[in-house]
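What follows is one structure encoded as structure tokens, with my remarks underneath.
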Amino acid sequence: MRKYSLSYFLSQSFKGLWRNGVMSAASILVLMALLIVMGSFSLLVYNIDVNLENIGVLNEIVVFCDENCTDEEIADIGRQIRLLDNVNEDMVKHNTKQQILDEERAKYAGTEVENVFKEMVDRGVNPYRDEFIVTYNDNSEVTTLEYQLGQIQGIDKINSRADLAEKVEGIKNSVTFIFIFFLVVLFVVSLFVIINTIKLAVYARKQEIAIMRYVGATKWFITLPFVFEGMLIGLIASGVAYLVEWYMYTYIGKMLMQNSSILTIVPFSQVDGFVILGFLAVGLFSGIVGSAISLRKYLKA
Amino acid sequence: MIEFKNVCKKYPNGTLALDDVSLTINDGEFVFIVGESGAGKSTMLKTLFREEKISSGSLTVDGYDLVKIKNRQIPHYRRKLGIVFQDFRLFPDKTVFENVAFAMRVIGEPTRSIKRRVPTILSIVGLQDKYNDFPRELSGGEQQRVALARALANNPSIIIADEPTGNVDPKMSLDIMNLLLKIQKRGKTVLVVTHEKNFVDYFQQRVITIKNGKIVDDKVGGMFDA
Ligand SMILES: Nc1ncnc2c1ncn2[C@@H]1O[C@H](COP(=O)(O)OP(=O)(O)O)[C@@H](O)[C@H]1O
Ligand SMILES: [Mg+2]
């Protein structure tokens, strides 16, 4: 096998890109627009997701123990809770009623209710109960978990979040569904655009391809410059799209944060890796596949 | 060696362009293929460089079975051939040097040997002064000589020329024909499709006459009487 020079292929693809200037620019712009729409959409959905998570307050159920439970009984309740399927073992937090009293008292220090707490402590009274804050894994199984918790001896009251969890889960599912649907549509469109651009480029060079075949060029020798050209289109489009996305996201994020305090906007630095990787993947993939598909017809042998 | 055995070629639209053609061309022969327009001459050449598949019969070239050949072998097979067309088919935006060098790049020839070989070939066809010219700056005869140089670049064993003088003015045509003969003298098989009665009669080579896809005459030292 002889060596083919990479510089030949690269220079061919740059020349190609240049020669089809208008079409190349058009497809870079279209692909770029599609990437930005896709990226913004993904980031929007991601932010909605994060905000919904926050509303759900992180999959927690609070369980209160019976007033009369002894310390051993309470410890036993804790063990039983940790054994449940849907419960994250390391995330079951036990607050004793003494801790709660202290916390509450500290919280109201300096207010008019301060005296109420002082009186309680003086008389040795504690109206609070031991509680377990249970973090669970699966939102959709929360009803089962509540039932199981109810079965445990000594648990008196369960602070239910089932309704809210269900709603949040429902919204998340439909957002994700719409998201995936649009993503697929956008992807197909971008592939279509690239294929047509390169088809035109290939058509313009039909004669040259014929000559290449007569002098014994292999399929990949003919294909490679076009594939590189497609890759270049993808590369440039994703690079520029990334910069635009970055600027836009930061700008809009800043605006939203100023106007609302409950919204969480994920900082761009946390998602930039995904954005650039996603852009490159989609950009390069459509570039490569697009050129391969458009060439097929001219390479029957 | 080129061997047609009972070759038929039927195009998808039903035209029977080659009708039971059988013929053998030995290594180093010079052959004119003549016949009126639409007789099937170009089709015959196209089956040779496997632009078209034959419909029945068998066709072998230098040990390649062109019926059984696999698609990925075709480029390698074509490197054994040098093909020249009436319309030159040069790259308009490449120089003379680059047009010839291109055929060598395609087969992965290192730049060093390209730089050594291209000048040699260009002097064989008499274009040693035109390296940096573009095709549009050359006459028809000169362009065809570039095409011939390109066909020779990879030292093929067979040269196939389809009406190589069709777009070349009469004075230059003799040059091209002489060049083809010179190439044959250097040991290559040369097949030339032509309309030029004068040359055919003058050169006294093997002449194959085709009519309606059939071989109607095949004589050494033959005359043009289509
Ligand atoms: N691609 C094609 N499809 C259908 N018919 C064709 C095709 N190429 C050539 N033909 C027909 O085949 C016959 C032989 O054509 P061709 O080999 O080009 O003749 P020549 O070169 O002798 O003038 C003609 O009738 C022509 O119309
Ligand atoms: Mg013809």
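Over 19 Å between Cα atoms, which of A:Lys206/A:Lys297; B:Lys10/B:Lys211; A:Lys107/A:Lys157; A:Lys93/A:Lys167; A:Lys297/B:Lys53 qualify?
Those over the limit are A:Lys107/A:Lys157; A:Lys93/A:Lys167.
Can you put A:Ile180, A:Ile209 in order, fewest other beta carbons within 10 Å first?
Least crowded to most crowded, the residues run A:Ile180, A:Ile209.
I'd like the antiparallel share, as a percent to the nearest 5, of DSSP beta bridges with both residues in chain B.
55
When we measure straight from the Cα of B:Lys68, which aspartates and glutamates land under 18 angstrom away, once same-chain ones fewer than 8 places off are left out?
B:Lys68 reaches B:Glu3, B:Glu51, B:Glu52.
Report for the protein assembly as shown the percent antiparallel among DSSP-assigned beta bridges with both residues inside it, nearest 5.
About 65 percent, rounded to the nearest 5.
When chain B is treated as a GNM, springs tying every alpha-carbon pair under 10 Å, which of B:Leu191, B:Leu148, B:Leu138 comes out with the largest mean-square fluctuation?
B:Leu138
Ignoring everything except DSSP H segments at least 4 long, calculate the 222 nm mean residue ellipticity for chain B; use -39,500 (n - 2.57) per segment, divide by total residues, nearest 500.
The helix contribution divided over chain B gives -10000 deg cm²/dmol.
Tell me the mean residue ellipticity at 222 nm calculated for chain A from its helices only (DSSP H runs of n ≥ 4, each -39500 (n - 2.57), averaged over every residue, nearest 500).
-24500 deg cm²/dmol
Enumerate the lysines that A:Lys254 could reach by cross-link, defined here as Cα to Cα under 25 Å, with residues fewer than 8 away along the same chain left out.
Partners within reach: A:Lys172.
Nearest 10 degrees is fine. How inclined is helix B:111-124 to the longest principal axis of chain B, computing both from alpha carbons?
That works out to roughly 70 degrees.
Just want the ordering: A:Asp122, A:Asp85, from fewest to most Cβ atoms lying within 10 Å of their own Cβ.
A:Asp122, A:Asp85
Evaluate E = 1/(1 + (r/R0)^6) for B:Arg186 and A:Ile293, where r is the Cβ-Cβ distance and R0 equals 41 Å; express this FRET efficiency to the nearest 0.05.
0.40
From the backbone phi of segment A:146-151, what are the Karplus-calculated ³J(HN,Hα) couplings (6.51 cos²θ - 1.76 cosθ + 1.60, θ = phi - 60°) in whole Hz, Gly and Pro given as x?
These are the phi-based 3J(HN,Hα) values: 4, 4, 4, 4, x, 6 Hz.
Taking segment A:263-301, which trypsin sites (Lys or Arg not before Pro) meet the DSSP loop condition and have no more than 10 other C-beta atoms within 10 Å?
Passing sites in segment A:263-301 are A:Lys300.
Whole angstrom only: what separates the Cα centroid of segment B:102-153 from the Cα centroid of segment A:272-295?
39
Can you work out the Karplus-derived ³J(HN,Hα) for every residue in segment A:177-183? Use 6.51 cos²θ - 1.76 cosθ + 1.60 with θ = phi - 60°, whole Hz, and x for glycine or proline.
Karplus-based 3J(HN,Hα) across segment A:177-183 equals 4, 4, 4, 5, 4, 5, 4 Hz.
From other protein chains only, count the Cβ atoms within 10 Å of every residue's Cβ in B:100-107, then give the mean.
5
Most fluctuating residue of B:Ile107, B:Ile159, B:Ile215 in a GNM of chain B with Cα springs under 10 Å: which is it?
Ranking B:Ile107, B:Ile159, B:Ile215 by mean-square fluctuation puts B:Ile107 first.
As I understand it, the dipole of chain A uses +1 on the Cβ of Lys and Arg and -1 on the Cβ of Asp and Glu, about the Cα centre. Which of A:Asn47, A:Cys65, A:Phe132 lies farthest toward its positive end?
A:Asn47
Just so you know, all these numbers are worked out from the coordinates, no wet-lab data involved. Because the structure is predicted, anything quoted here is derived from the model rather than measured. Neighbour counts run over all protein chains shown; Cβ positions are idealised from the backbone, glycine included.
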